[in-house]
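In what follows, a structure is listed as structure tokens, so that the remarks can point back to it.
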Amino acid sequence: MNNLLSEGLGLMVFGMGFVFLFLTLLVFVTGFMSKLVMKYEPAPKPKAAKPLPNSAGKAVAQGGNDELVAVITAAVHKYRS
Amino acid sequence: MNNLLSEGLGLMVFGMGFVFLFLTLLVFVTGFMSKLVMKYEPAPKPKAAKPLPNSAGKAVAQGGNDELVAVITAAVHKYRS
Amino acid sequence: MNNLLSEGLGLMVFGMGFVFLFLTLLVFVTGFMSKLVMKYEPAPKPKAAKPLPNSAGKAVAQGGNDELVAVITAAVHKYRS
Amino acid sequence: MDKVLELWQASGIYNISFGQFVMIVIGLLLLFLAIRKNFEPLLLVPIGFGGILANIPEAGLAFSAVENAIHFASPELMAQFANIFGITSTDPHDVLHAYHVSNPSTHAAASLLANDSGYNNGMLYNFYSVAIASGVAPLVIFMGVGAMTDFGPLLANPKTLFLGAAAQFGIFATVLGAVGLTQLGIMDFSIQDAAAIGIIGGADGPTAIYVASLLSPQLLGAIAVAAYSYMALVPLIQPPIMRALTTESERQIKMVQLRHISKTEKILFPICLLVLVALLLPDAAPLLGMFCFGNLMRECGVVDRLSDTAQNALINIVTIFLGLSVGSKLSADKFLDLQTLGILVLGIVAFGIGTACGVIMAKIMNKMAGGNAINPLIGSAGVSAVPMAARVSNKLGLEANSQNFLLMHAMGPNVAGVIGSAVAAGVMIKFVS
Amino acid sequence: MDKVLELWQASGIYNISFGQFVMIVIGLLLLFLAIRKNFEPLLLVPIGFGGILANIPEAGLAFSAVENAIHFASPELMAQFANIFGITSTDPHDVLHAYHVSNPSTHAAASLLANDSGYNNGMLYNFYSVAIASGVAPLVIFMGVGAMTDFGPLLANPKTLFLGAAAQFGIFATVLGAVGLTQLGIMDFSIQDAAAIGIIGGADGPTAIYVASLLSPQLLGAIAVAAYSYMALVPLIQPPIMRALTTESERQIKMVQLRHISKTEKILFPICLLVLVALLLPDAAPLLGMFCFGNLMRECGVVDRLSDTAQNALINIVTIFLGLSVGSKLSADKFLDLQTLGILVLGIVAFGIGTACGVIMAKIMNKMAGGNAINPLIGSAGVSAVPMAARVSNKLGLEANSQNFLLMHAMGPNVAGVIGSAVAAGVMIKFVS
Amino acid sequence: MDKVLELWQASGIYNISFGQFVMIVIGLLLLFLAIRKNFEPLLLVPIGFGGILANIPEAGLAFSAVENAIHFASPELMAQFANIFGITSTDPHDVLHAYHVSNPSTHAAASLLANDSGYNNGMLYNFYSVAIASGVAPLVIFMGVGAMTDFGPLLANPKTLFLGAAAQFGIFATVLGAVGLTQLGIMDFSIQDAAAIGIIGGADGPTAIYVASLLSPQLLGAIAVAAYSYMALVPLIQPPIMRALTTESERQIKMVQLRHISKTEKILFPICLLVLVALLLPDAAPLLGMFCFGNLMRECGVVDRLSDTAQNALINIVTIFLGLSVGSKLSADKFLDLQTLGILVLGIVAFGIGTACGVIMAKIMNKMAGGNAINPLIGSAGVSAVPMAARVSNKLGLEANSQNFLLMHAMGPNVAGVIGSAVAAGVMIKFVS
Ligand code: NA
Ligand code: NA
Ligand code: NA
């Protein structure tokens, strides 16, 4: 078999192998990290009370987008009613 | 006549000529383009109904920050009261 | 006394001296400037009346423009009516 | 009258070559696709426009000072260039070729000679040098993408990383395809070219541009155009493959709702990823390092103004110049080549194989886990093409069952695919550069 | 005590030359005009401030490493410089002159020698190199201007392009004036200088800076200051000329309302303009190419985030550095010269002639069309100075008839003037660079 | 199998040195302090992250092309480098050392050789070259800081400038400490090093980075980390010193309300400051010039869009790259040194002395004026650390008397401290560079 082809084959076998190895390790590291965090920081405090101002601030800060129009509309609706 | 002066004169005659030629061509090309467009896309659909959200989105998209939300809120308050 | 140490000492004496000299001069220049300004521009016209539009204008100016105020006003009007 | 003649002989009409004409038409076509068909317009508008600019006859916007000098050179100057490059021929083609294969110090000497003779780099050439040849533009865009990426869905279901891994098979299969075509004598790709073409299958623009700029700059234009075009075509390319590989009942699988992810997990994830990169694949450090940095700025919550700038002003500025710079590689002599056709064909094959492998991997994972935890439709999102591929998964899920919302589930493999292709890019850079 | 003496001898007071003092006063004057009189403050605040910085004695902010080295050099170092430049004199003035006329490779060698001796480029010199000498800043600003320009009024009445063409006569008449003054022995301008001065009449800042940086960098400071100052003075310069050339009844002419322009026309216009540039005048391609690119981003509707950045963050950033860089050319030895006076006089003549030609062209067009379709007041807007000149037209129209709103009609020739002066710039670059 | 071995031998795990491991831990620690403890996160997040990137084994991100080439070089290449540097040894350490002490033209030659051999600058090295070595990033940040600074409180009570002057004693005392430690044989600092370390006492990040980059680049990493860390620790460092030097009744002194400052005064102040700099200390012109420019843009009211960009997009972009660039100086061989410990100790001493001198100066001014016009607590704000130090003054004032609001009064010395340390920086640059 020619050199170029064998290089390509080697790259494929080896590259795919490494990608899987790396992401598999990442699965384990991530899982381990999540477990640790959940152990030491158990209660995900519910902050549902203030989503609107939060997301409004964020939408605006990001240079703006369609969401803002929605936000303004919502705000206007709210204050109008 | 001196060389520099003749260069200047040449540049003037020739430059003005070219500017006129170019912009004349642009007049024709633009006119032709407009005609084509109007032929194949005749009705300038009236969208007067939704200019507001559109331009609001645009104005906002140009940067913006938390203050804006404050401003809007204040504005809403003011106009509502 | 060693050369390095004397260099350090010189830098200290001299540097502090210069910093004081410079800032002292700045005190005088600033005071003089302020006096001149207050002489020729005595009354700090009170503009307390229009803070809101002002700050609104500023927020908008940050990447925006006057149009936004118009847009907001229009939006408020529309939704309010 | 002399002046009129001179201007006419320097005009575009007089000088335009057939290749340039074709490339300008291709540039207009890209603009049409971007504006009317919404093909990744943020990139394809600047690329298409840059492509037109690059092909304006006699303007030399995409050429270096040396290339411009050789184009216009007098015999004496050409002899001087030949002397610098150590060749005897003064034929422009030979001199140009010698320039392209010469090393950096010869380049520097030739540039000074061109400058001395009054020639300068074209505007787009300068943009390319600063933005792409230095590597900075793709990295800054990757930082911005990191700052826009929410790893929540991935953290809630880390196993979807396997889907992102599997979909990278498209990359390596394409490498093999490219060397195979060369083997068969149909094309003439080096292993570097093959690797750069393969990365199209990563479905990730900045990664593709970064890798191509390192491994195969002369193919960069075609590779970038192929990558962004196929990313825009994902809603057409993927569904048939996904339908062919799944049964109706598989497509109806509902997935359990994702758990809540805490702020701390989101902060720690980019750091874990960075450490893993540092320990295992230093060659992927620039790409994944900037990506993780952007994501950390996003999640840490204390540098919002930096994160906002990275997501807006900075990424927009860089996108404009990146696009124009890529366009500079669409000059006729580089793009109008049989190789470009090969790249376009191999690119779509890469997308197809990646999609298929993602779906198949999902089915394998279901088999191995002995359950129906994963709807195989989300496997296709592993190719990246964020967020288009995830939306396609969602759409096909809804077709099968109108209550089956897969979007969030598909975001996991979708961002995993970004990591996967950056890792694959690191491997390529390590072994073939 | 040594240190005190040393500091005193290195201080500004000890070293300030009369020229530097005058230039600092001129810088303060520019700041006053910008801040109090609102003279194009976006440019004149940075230019004025940069001018002050450039004239701080001993700081050398506007000088290159070589210039700074020559200023402070020991006899041995001076001999080395003389050797590099191939001259025998080691007099600082001779060495400096030899440096300024030397070619790029000699420049590079001298720079390395200066660096080796511990001298560095001044801050403003670096800004100038990156922003202006490379050409990038004026081009990026032109892109931003393109993104801010609405070609609607022009498309509604394309004939106003002729007004934009006629007003460019100010440019070429001024070129002739500059060579004439040289001919008469009053001034000493080369044809390059004359061309760069003429472009002041284009009433378009970035175009003037771009052309001057290519043709006559040593005059750039005076040209930019003249261009922006006269743009600010348009409300004073134009009205008398406009009144003198029109009758009351002509000023009262009402124009028909402009037709609606479709999105598609607005998208296609920059592309048509680009193609025309590509075919006819490749030398105008950088300027008009970037302008069209900005306008296409604006109109195409699919890259709003890029367009917004081009109109805001990007143009603002570039404006800051462009202004400071222009200021760096206000160093005493370059600005305090009879030439500057000549430039200021020629510049205002250019504005006047351009205004007059625009108005006269409008009258000719009315004659030729045999009607009263065009109010001649909008002709003056053809000089550019967007949007000031259009506002002046509107104001004079309202004076003549309080119901006569000419603003929108004047925007057509106004933006046509931008195109016209960019075309003129291309012709200049083609023939005299 | 070859490839597996090769990858393993190129991996981080295989190559990591103990120093790199420690530095990565330090980088993580900086991230922790920034994110969890809110230690100047805008700088320390990028610095910490950059520090980790700089220590990724084999990636060479913080190294120049030459350093990377020497790291991997073959014997032949090493011999060529030795030849360029004019040494006979081909030991990597000797070659590296010769490179570091060589002059710019030798650097340029070595760089070309490294490029010819296929080695390139690391990403962070490029960032450092463009952002810091050129001097531009600290200057642009200083411009942004100027645009964020309100000199109103200072103008209302100009005498507080003396407090800002006194607090700079911390800088010079530290210089003396550094040379003293060298004298005692404990450390080995040159006078340049000592000056750069002293500037930590200026409590002003960009000034410290600017001075260190000019006088002692190899210490820049440690100096920047110390400066920002101690600025974050101001609320811990200052109060004990302030309490020790003041009596309860002094802390209760109420200051008269500040007068209104007119717009004109605010506009003229940066101009006065600039003129004074120009006349007295040209070496401070870049720093204070950009600072005044930013402030003038803020106050003049006619260039709000430039001022806003300087305060937002521009400063954010530059901060990102400045931080990463500083991080590049946290490579193990540069940071893990006894000198760093010395810098950390001397830095905190500098903060302490500066704080004490500010407070004492306030007491002296009260004595000399024979009244109680100044609450000595505001003296500590003279170290800069804007606005943290002013907040600390306010807090201690409120502790002594819950109606005693010192914040605005403390802003005067606070911004005076910025000017004071920039003047001190100019003196240092003048005499020890
Ligand atoms: Na991918
Ligand atoms: Na014009
Ligand atoms: Na300070």
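Of note:
- Just one residue in the set F:121, F:157, F:126 is away from ligand 2 (no atom under 16 Å from the Cβ), of a type in the set (S, T, N, Q) and under 30 Å from residue F:369 (Cα atoms); that residue is F:157.
- Any hit, the range E:219-234, residues being in contact (Cβ under 8 Å) with a residue 12 or more places away in the chain and over 28 Å from residue F:305 (Cα atoms): yes
- For the range F:112-125, a tally of residues being without any contact (Cβ under 8 Å) to a residue 60 or more places away in the chain and in contact with a helix residue (DSSP H, G or I) (Cβ under 7 Å, 6 or more places away or on another chain) returns 9.
- For the range F:374-387, the set of residues classified as crowded, with 20+ Cβ neighbours inside 10 Å and within 16 Å of ligand 3 (Cβ to nearest atom) consists of F:378, F:379, F:380, F:381, F:382, F:383, F:384, F:385, F:386, listed by residue number.
- Of all residues in the range E:296-322, those that are of a type outside the set (Ser, Thr, Tyr) and within 23 Å of the chain's Cα centre (by Cα) total 12.
- Of the listed requirements (1) away from ligand 3 (no atom under 16 Å from the Cβ); (2) more than 14 Å from every other protein chain (Cβ to nearest Cβ); (3) crowded, with 24+ Cβ neighbours inside 10 Å, residue F:230 misses just one: (1).
- Within the range E:285-298, being closer than 20 Å to residue D:28 by Cβ and more than 9 Å from chain D (Cβ to nearest Cβ) holds for E:288, E:291, E:294, E:295, E:298.
- Qualifying residue in the range D:165-177 (condition: surrounded by fewer than 23 Cβ atoms within 10 Å (Cβ to Cβ) and in contact with a Phe, Trp or Tyr (Cβ under 9 Å, 6 or more places away or on another chain)): no
- Residue-level check: of (1) free of Cβ contacts under 8 Å to residues at least 40 places away in the same chain; (2) within 14 Å of chain D (Cβ to nearest Cβ), residue F:103 misses just (2).
- Only one of the numbered conditions (1) outside the structural domain of residue F:294 (by TED's automatic domain parsing); (2) among the hydrophobic types (A, V, I, L, M, F, W, C); (3) within 24 Å of residue F:325 (Cβ to Cβ) is not met by residue F:141, and that is (1).
- Given (1) out of contact with any Phe, Trp or Tyr (no Cβ under 9 Å at 6 or more places or on another chain); (2) at negative phi, index of the condition residue E:185 fails: (2)
- Residue match in the range F:186-208 (condition: within 11 Å of chain C (Cβ to nearest Cβ) and of a type in the set (S, T, N, Q)): yes
- Residues in the range D:187-208 that are of a type in the set (A, V, I, L, M, F, W, C) and within 14 Å of residue A:4 (Cα to Cα) were compared, and the one that is nearest to ligand 3 (Cβ to nearest atom) is D:195.
- Some residue of the range E:55-73 being free of Cβ contacts under 8 Å to residues at least 60 places away in the same chain, assigned to a loop (DSSP other than H, G, I, E, B) and buried (at least 23 other Cβ atoms within 10 Å of the Cβ): yes
- Residue under evaluation residue E:179, criteria (1) facing another protein chain (nearest Cβ under 8 Å); (2) within 22 Å of residue E:427 (Cβ to Cβ); (3) in contact (Cβ under 8 Å) with a residue 40 or more places away in the chain, criterion not met: (3)
- Considering residues of the range D:299-317 that are more than 11 Å from chain E (Cβ to nearest Cβ) and not aliphatic (A, V, I, L, M) only, the residue surrounded by the fewest Cβ atoms within 10 Å (Cβ to Cβ): D:301
- Test result for residue F:371, away from ligand 3 (no atom under 16 Å from the Cβ) and either buried (at least 20 other Cβ atoms within 10 Å of the Cβ) or more than 14 Å from every other protein chain (Cβ to nearest Cβ) (or both): yes
- Considering the range E:398-416, the residues that are surrounded by 24 or more Cβ atoms within 10 Å (Cβ to Cβ) and more than 10 Å from every other protein chain (Cβ to nearest Cβ) include one that is nearest to ligand 1 (Cβ to nearest atom), namely E:415.
- Some residue of the range F:269-280 being at the interface with another protein chain (Cβ under 9 Å from one of its Cβ atoms), farther than 30 Å from residue E:5 by Cα and surrounded by 19 or more Cβ atoms within 10 Å (Cβ to Cβ): no
- Each residue in the range F:421-433 was checked for being within 12 Å of ligand 3 (Cβ to nearest atom) and either closer than 22 Å to residue F:261 by Cα or surrounded by fewer than 20 Cβ atoms within 10 Å (Cβ to Cβ) (or both), and 0 pass.
- Unique residue being free of Cβ contacts under 8 Å to residues at least 40 places away in the same chain and small (Gly, Ala, Ser) when the list is E:402, E:421: E:402
- Scope the range E:320-361; condition away from every other protein chain (no Cβ under 14 Å), small (Gly, Ala, Ser) and away from ligand 2 (no atom under 16 Å from the Cβ); matching residues: E:342
- Tally of residues being buried (at least 20 other Cβ atoms within 10 Å of the Cβ) and over 18 Å from the mean Cα position of the chain (by Cα) across the range F:32-52: 2
The values are calculated or read from the model by the stated rules, or taken from the named source; none is laboratory data. Just so you know, these numbers come straight off a predicted model, no measurement behind them. Quick reminder, even Gly has a Cβ in these numbers, built from the backbone with ideal geometry, and neighbours come from all protein chains shown.
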